[in-house]
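What follows is a set of notes on a single structure, which appears directly below.
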Amino acid sequence: MYWKLLKNDIKHNLVQTINIAFFIVLSVAFLAAAGQLAVQLTSSINHLFETAKTPHNLQMHTGDINQKRLQKFVASHSEIEDYQILNFLNVDNALLAFNGKSLKDSVYDNGFSTQSPRFDYLLDLKGDLIKAEKGQVYVPIFYATSGLVKMGDRLTIGSHALKVAGFVRDSQMNSSLSVSRRFIINQADYDAIEKQGELEYLIEFRLNDLSKTSAIETAYSQAGLEADGPPLMTYTLFQIVNAFSDGITILVMTLISFLVIGISLLCIRLMLLAKFEEDYRELAVLKAIGIPLADIKKIFLSKYLFIAALSSFIGFLLSFLIKRPFLNNMKMFFGEADKSILPSLVAFLLALLIFLIIYISMRRLSRRLKDLSLNPNQVQEKESSPKYLSNWNRTLRLAVSDLLARSKIYRTMILVFILSIFVLTVPMSIYSTISNKSFVNYLGIGSYDVRVDLSQISGKDDDIQKLIHQLQKDKQIQKFDVFRSKMASYQTASGATEKIWLDFGNQNSFPIQYLSGRAPRGEKEISLSKLKADDLSKEKGDQMTLIVDGKERKVTVSGIFSDLTNGGKTARATFKTDDSNVIWMIMPIKLKDGVSVKTFINRYQTAYPFAKFSDVNTYLKQIFGNTIAMVQTITWVAFTASVFLIFLITTLFIRMLYLKDQGQNALLKAIGFTNRDIYRQYVIKAAIILALGLLIGNLLAVTLGDWLGAALLSMIGISGIDFIRNPLFTYLLVPLAMLLSTFLATYLGIRGLKTTNISQLLKEDV
């Protein structure tokens, strides 16, 4: 009996059934896809790190190495399972070219290495260890995905030519956020180009206990071992950096998924409520002829639970298609993880979760069946308005009165609009923020046009001073400054001495964003990166002792800032130091309006080849371009889907109200209201609902939405974000799209008003 009733119901209510199924499929598909991607991203990164045997601690160093001291250090720490020293030959980008196209505009430090002997393996796209033959080169995968190179192309290093034989998966330097790139070549080719580059060392450790990485980091610093390079990096930092691009994409997708789910569940409830109203008479008849209430509940629930179960399963299957384009990018960089049922299991459990939510909602709705009765509610004639009120005023009053009388129904629609605003505006805010030039301020980089980098500046003093002098007097430059970086020391609470990467210069000339406090001023202040502050358990206002150039300084922490550069564990100061032991020098340049950045860079790069001149816009594009593109795609997909959902939901909602109100509308016609008056009622109600949704939705988007977006970004190391809004999108395009879709939906929802048979409807309602 149940199956027959189910078939008949679906046949006679096909449109409603399809609508309910659509929302369930959509909810399950998006959530299940996001769940699968999150699991597979974690699994893929872990698989890559296990296969490559990623170092647990890494220290980059330029200069001589005391092998005996390192061996003694390793011998005195039983937690160190293995260690090695790898060569990284840093080559000037101007000497590199793919098929004759120079890499001089690359913002990355491109270097050449041979395959690692014991761990930190470099893998090909099959996940196998790379074995480069003479005359071959394996290129970082980043350049392949950027479209700069393909298999069989030629790479030239000065006059030395190599054939591109494949691409490198590098667990350390995969991410676009990593400023270094490793090319893998044969030992013979390495010997041939060795004099064309500057040798750096990668001092790497593998531990028998991953939880000891911080302890080894501290011990290495206290031992005063080789550290002329960025601060010592850890396994966890490599994981965060690798997950950055895909992580942002998944986080935004997850946010959209939850919001769509919220909208969908509200709409499902709305449609089921409407369907319940339609089925009420039929179910009441079943009760009147003696069918037990328990059986009636089974009949009611079986229809919708079947639809929910089938739709959840379809959504579960669809999630595998939705995740595919995102998964392909993930596979390219990290490879395919070991086959596991976990992603599918997570997707299934999430689909089951949606089904259970619908089931609980249906159970609660079925409680209304206990009050089944064949006595319909009589439509009460509404009190006529005073004669001095115009038809428009009467229409407005009736519309507002209906909104107040049936607030529970309209409340659901307002919630749908509020969540829709979230779906439309929050992803766009994230996109606008990370695509904006000022986003680098949250990564420890100020706002300027040109960046000049000089590494290991010893031996170049005269040339550097000449460059600084010329930049200072260049009339095309609006603002210019010099920042120097060196390793300093500080005393821990226990009295031990540890190393810290310290940037010196006027920290207010090209300011960055601070999470708390401000930039340091004077001789007795210092600011710390968030990661370093957490390591030291320091906050704004705390004091610490620095040792710079052999002298102790008592300093106060003036502020905390976000930083993903140089391992993320850095500090900044304004006091002057000597130029000894300077590891890095940065010269930020703000050009005057109208000055060509490209022409400026070409002029100086030719004259000063020892320095690296970078266009900051190019820097942003190369570092974040892939991430920005993916978030942009998701944002516009969310916009299109949301507008369609709003149109569909509003149409269904207005149609439901119209069908419920046919008797009332007939009565209004009988007492003198025109079709236009009744139409205006629905337009007014829709407009009020939309206005409330826009107002509350935007207020929540700039408060709760920003908090949620900031919480999501903090999961990948970016804190203290002030979101940038696109006013044209937020305050013009979104309201206009919602207004047009709402008014069109209202018109379609009450079609048939002109053909209403007043007498027939009044008879049915009696």
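A short reminder: the numbers here are calculations on the coordinates, not readings from a lab. Just so it is clear, the structure is predicted and the values come from calculations on it, not from any experiment. Every residue, glycine among them, receives a Cβ derived from its backbone with ideal geometry; neighbour counts consider all protein chains shown.
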Q.
Amide H of Ser516 versus every other amide H placed in the peptide plane: which residues, excluding those fewer than 5 positions away on the same chain, fall under 5 Å?
A. Ile560
Q. The range 519-553: which GluC sites (Glu not before Pro) are DSSP loop and have at most 15 other beta-carbon atoms within 10 angstrom?
A. Glu523, Glu539
Q. Which of Phe561, Leu528, Gln491 sits farthest toward the positive end of the charge dipole of the range 461-609, with +1 on the Cβ of Lys and Arg and -1 on the Cβ of Asp and Glu?
A. Phe561
Q: Kindly count the pairs of lysines across the range 84-192 whose alpha carbons are less than 23 Å apart, treating pairs on different chains or eight or more residues apart as eligible.
A: 13
Q) Residues with amide H under 5 Å of Gln136's amide H, sequence separation 5 or more or different chain, H placed in the peptide plane at 1.01 Å from N; which? A) Lys163, Asn186
Q: List the trypsin sites (Lys or Arg not before Pro) within the range 46-121 that fall in a DSSP loop (any state other than H, G, I, E or B) and whose Cβ has at most 12 other Cβ atoms within 10 Å.
A: Arg118
Q: Could you check what % of the DSSP bridge pairs in the range 433-582 are antiparallel, to the nearest 5?
A: 70
Q.
Quick check on the range 31-170: of the DSSP beta bridges with both residues there, what percent are antiparallel, nearest 5%?
A. 70
Q) Mind listing the phi-derived Karplus ³J(HN,Hα) values for the range 417-429, rounded to whole Hz, using 6.51, -1.76 and 1.60 with θ = phi - 60°, and x for any glycine or proline? A) 5, 4, 5, 4, 4, 4, 4, 7, 9, 5, x, 5, 5
Q: About the Cα centre of the range 461-609, how large is the charge dipole given +1 on each Lys and Arg Cβ and -1 on each Asp and Glu Cβ? Please answer in debye to the nearest 20.
A: 460
Q | Given Lys437/Lys532; Lys473/Lys554; Lys212/Lys486, the pairs whose alpha carbons are separated by over 32 Å | A | Lys473/Lys554
(Q) Given a Förster distance of 22 Å, report the FRET efficiency between Leu648 and Leu736 from their Cβ-Cβ distance, rounded to the nearest 0.05. (A) 0.75
**Q.** Nonlocal amide H pairs with Asp503, under 5 Å, H built at 1.01 Å
**A.** Ala571, Arg572, Ala573
(Q) With θ taken as phi - 60° and the coefficients 6.51, -1.76 and 1.60, list the Karplus ³J(HN,Hα) couplings across the range 468-481 in order, rounded to whole Hz; mark glycine and proline as x. (A) 4, 4, 5, 5, 5, 9, 6, 6, 7, 9, 7, 8, 8, 8
Q. What is the range 63-228 by shape, rounded, prolate or oblate, if you read a ≥ b ≥ c off the alpha carbon gyration tensor as root eigenvalues and call it rounded for a/c under 1.5, prolate for a/b larger than b/c, and oblate otherwise?
A. prolate
Q | Rounded to whole Hz, the Karplus (6.51, -1.76, 1.60) HN-Hα couplings of the range 321-331, x for glycine and proline | A | 6, 4, 6, 4, x, 6, 5, 4, 5, 5, 5
(Q) How high is the relative contact order of the range 63-228? Use alpha-carbon pairs under 8 Å, at least six apart in sequence, and give a whole percent. (A) 33
**Q.** Given charges at beta-carbon only (K, R positive; D, E negative), |dipole| of the range 63-228 in Debye
**A.** 480
